[in-house]
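Presented below is the structure to which this report refers.
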Amino acid sequence: MQTTRFKGMALDGVPRRVGVVGYGRLGQSLVSHLLTQGPDLGLELVFVWNRDPGRMAGSVPPSLQLQNLAALGERHPDLVVEVAHPKIIQESGAQILRHANLLVGSPSALADQATEQQLLEASHRWNHAVFVARGALWGTEDITRLDTAGGLQSLRVTMATHPDGFRLEGPLAAVPSTGRRTVLYEGPVRGLCPFAPRNSNTMAAAALAAPSLGFDRVVGVLVADLSLTDMHVVEVELSGPPGPTGRRFAVHTHRENPAEPGAVTGSATVTTFWRSLLGAAPLPKPWAPVLRRAWVSGSVWFCLSSVD
């Protein structure tokens, strides 16, 4: 299913006011799209925030630079897009929901159960929706449909790239790479997210797409591969329960995403995020009749995207 294409104003004729949190590669791309294409799509960029404000100098108009994230309510956004770091969601996600709908670009933050609960409570309290960008996860809708039908028994996501593309913390940062290909982690996605917060978002999206398995039963595998100097490889393996003959339904996808050496985000993922933003920003309230099945509650949704 493809994202609805919008021209001119949003469905109710009112421009959607969008704020962007984070000005790394993804943030820069989204800001550029919003400034150049946003007006024709009924989208207005109202602020950009970054932990290092100096990074915005010379590229973001001063009037759009937000110095204090706590003051975002003064810009009256309809949607805030987070493309910074899971800590932003953990520390400020609930506060953002007081003022606007939230598109989470770092779903690894939701591996923390306290953060998940805070967002759900804030979403219900302030009547604002939480959207989850699927990022580099291929086949999100198929995974969700299979899970809803009770046909998903196992899900495993492997992410491999050059060691320079990882931003690891804690014990994972000390794991030595031995040989051409080294498995740095294999286990529940919940255990991986705290130590690879910027390299586990695809796996976190898979855990959210399959709530019957969730963060504790979806398996994440992180692989350092010296041969992958210019790409990220994501493999998704899933299977259903055995049928009457004992055979299982199974799918194995292999996705190669071109990436600059040392980059955390692949090229195709940048395009996907723009599509995810379009899937969230233009929709008027009430949200429920327009969007598809929620994750966990009626307030948390995956963004539609026509491009992976």
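The values are calculated or read from the model by the stated rules, or taken from the named source; none is laboratory data. Not measured: the values here are computed from a predicted model. Quick reminder, even Gly has a Cβ in these numbers, built from the backbone with ideal geometry, and neighbours come from all protein chains shown. The area values use the complete protein model at the heavy-atom level, side chains included, leaving out ligands, DNA and RNA. Shrake-Rupley method; radii C 1.70, N 1.55, O 1.52, S 1.80 Å.
Which three numbers, in whole Å and largest first, are the semi-axes of the equivalent ellipsoid of the range 140-264 derived from its Cα gyration tensor as √(5λ)? Each step should come with its number before you reach the end.
Values: eigenvalues 152, 45, 33 Å².
Equivalent-ellipsoid dimensions as semi-axes: 28, 15, 13 Å.
Take the Cα radius of gyration of the range 54-121 and divide it by 2.2 N^0.38 Å, with N its residue count; two decimals is plenty.
Details: Rg = 12.8 Å, N = 68, 2.2 N^0.38 = 10.9 Å.
So the Cα radius of gyration is 1.17 times the expected 2.2 N^0.38 Å.
Picking from H162, A204, G151, whose Cα lies most toward the positive end of the charge dipole for the range 140-264 (charges on Cβ: Lys, Arg +1; Asp, Glu -1)?
G151
Can you give the FRET efficiency for S154 and Q65, using 1/(1 + (r/R0)^6), R0 = 35 Å, r = Cβ-Cβ distance, to the nearest 0.05? Each step should come with its number before you reach the end.
Numbers: r = 46 Å, r/R0 = 1.32.
E(calc), rounded to 0.05, equals 0.15.
If you find the alpha carbon centre of the range 216-242 and of the range 69-115, how far apart are they in angstrom?
27
Compute the length gained on full extension between R145 and W126: take 0.36 nm times their separation in residues and subtract their Cα-Cα distance, giving the result in nm to one decimal. Don't skip to the answer; put the middle values down first.
Numbers: separation 19, 0.36 × 19 = 6.84 nm, distance 2.91 nm.
Gain on stretching R145 to W126: 3.9 nm.
Grab the beta carbon distance between E237 and A173, set R0 = 35 Å, and tell me the FRET efficiency rounded to 0.05. Write down the numbers at each step before the final one.
On the way: r = 27 Å, r/R0 = 0.77.
Taking R0 as 35 Å, the efficiency between E237 and A173 is 0.85.
Could you give the radius of gyration (one decimal) and Dmax (whole number) of the Cα atoms in the range 70-162, in Å?
Calculated on Cα positions, Rg and Dmax stand at 15.2, 47 Å.
With every protein chain present, what is the per residue accessible area of the range 140-264 (1.4 Å probe, Å²)? If you can, show how the numbers build up before the last one.
Details: 5710 Å² over 125 residues.
So the range 140-264 comes to 46 Å² accessible per residue, rounded to a whole number.
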